[in-house]
């Protein structure tokens, strides 16, 4: 099983504000769906609350400290380790947020799928710094949109360096 992280973040590493995305980028949502379809997605409870429901075609694993939490249609885990164990049958699992879960998962991940929003955007949730000595870029697709808001963004895939690289 490989652990992948998927995130959209601004140039200043902002990933959210007030438990929502601080931009509207329909192509990023399509990209997210195409990568995660058929896989397990691990997310924190606040991220689940921002989505509001399990996403079709994927298994949603929600991490919460609340031991009595039950969410219809989801697997509830109480730690990242427990969440990963719940995904054992999947060849690739995706950690999809939020900030605290990303920080815990980054040392375990082998692939990062990052939508790099090329602007700095204000927010209250941020992705951890990426050590470029640990990761190397294997793909980049440049995009831009004018509607519903003007954004330049890149779909970038990073792979963890193998020992000795």
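What follows is calculated from the coordinates using simple rules that are stated; it is not laboratory data. These numbers were taken from a predicted model, which means no experiment stands behind them. Here Cβ is always computed from backbone atoms with ideal geometry, including for glycine, and neighbour counts include all displayed protein chains.
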Between residue 70 and residue 161, how many nm apart are label points set 7 Å from Cα along the C-beta direction?
4.9 nm
Reduced to Cα centres, the span from the range 101-165 to the range 35-78 in Å works out to 22 Å
Summing -39500 (n - 2.57) over the DSSP H runs of n ≥ 4 in the chain and dividing by its residue number, what mean residue ellipticity at 222 nm do you reach, to the nearest 500 deg cm²/dmol?
-5000 deg cm²/dmol
Candidates 76, 134, 96: whichever shows maximal mean-square fluctuation once the chain is modelled as a Gaussian network with Cα springs under 10 Å:
134
With R₀ set to 30 angstrom, the calculated FRET efficiency between the beta-carbons of residue 103 and residue 24, to the nearest 0.05, is 0.70
For the range 2-160, rounded, prolate or oblate, judged on the Cα gyration tensor with a ≥ b ≥ c (square roots of eigenvalues), a/c < 1.5 rounded, else prolate if a/b > b/c?
prolate
GNM flexibility winner over the chain from 123, 73, 97 (Cα, springs under 10 Å):
73
Projected label distance in nm at residue 129 and residue 89, using a 7 Å step from Cα toward the beta-carbon:
4.2 nm
Gaussian network model of the chain, Cα springs within a sub-10 Å range: biggest mean-square fluctuation belongs to which of 20, 47, 36?
20
Need the full-extension length gain, residue 154 to residue 34, defined as separation in residues times 0.36 nm minus the C-alpha distance. One decimal, nm.
41.6 nm
